[in-house]
Amino acid sequence: MRTLMFRCGECARYTLGKECPKCGSATQSPLPPRYSPEDRYGKYRRMLAQK
Ligand SMILES: [Zn+2]
């Protein structure tokens, strides 16, 4: 089973589109590359926090 949902990196909103309907930012797939489910969002949050 594969999810087709994308996640906005700016407001963390889930959407089916490539752009966030809320803030218009480009979304990214939340599918885990090779990290644990508990760590993947923490990693994204840290990356975004450094912007
Ligand atoms: Zn957004």
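Scan the range 18-43 for residues that are modelled with pLDDT of 90 or more and small (Gly, Ala, Ser) and jot them down.
GLY24, SER25, ALA26
How do the pairs read when you match residues in the range 4-20 that are within 19 Å of GLY42 (Cα to Cα) with residues anywhere that are among the aliphatic types (A, V, I, L, M) and more than 6 Å from the ligand (Cβ to nearest atom), using Cβ under 6 Å and keeping only pairs 6 or more apart or on different chains?
Close Cβ pairs (under 6 Å, with a partner that is among the aliphatic types (A, V, I, L, M) and more than 6 Å from the ligand (Cβ to nearest atom)) amount to GLY9/LEU48; TYR14/MET5.
The values are calculated or read from the model by the stated rules, or taken from the named source; none is laboratory data. Here the structure is a predicted model, which means the values were calculated and not measured. All Cβ positions, glycine included, derive from the backbone under ideal geometry; neighbour counts span all protein chains shown.
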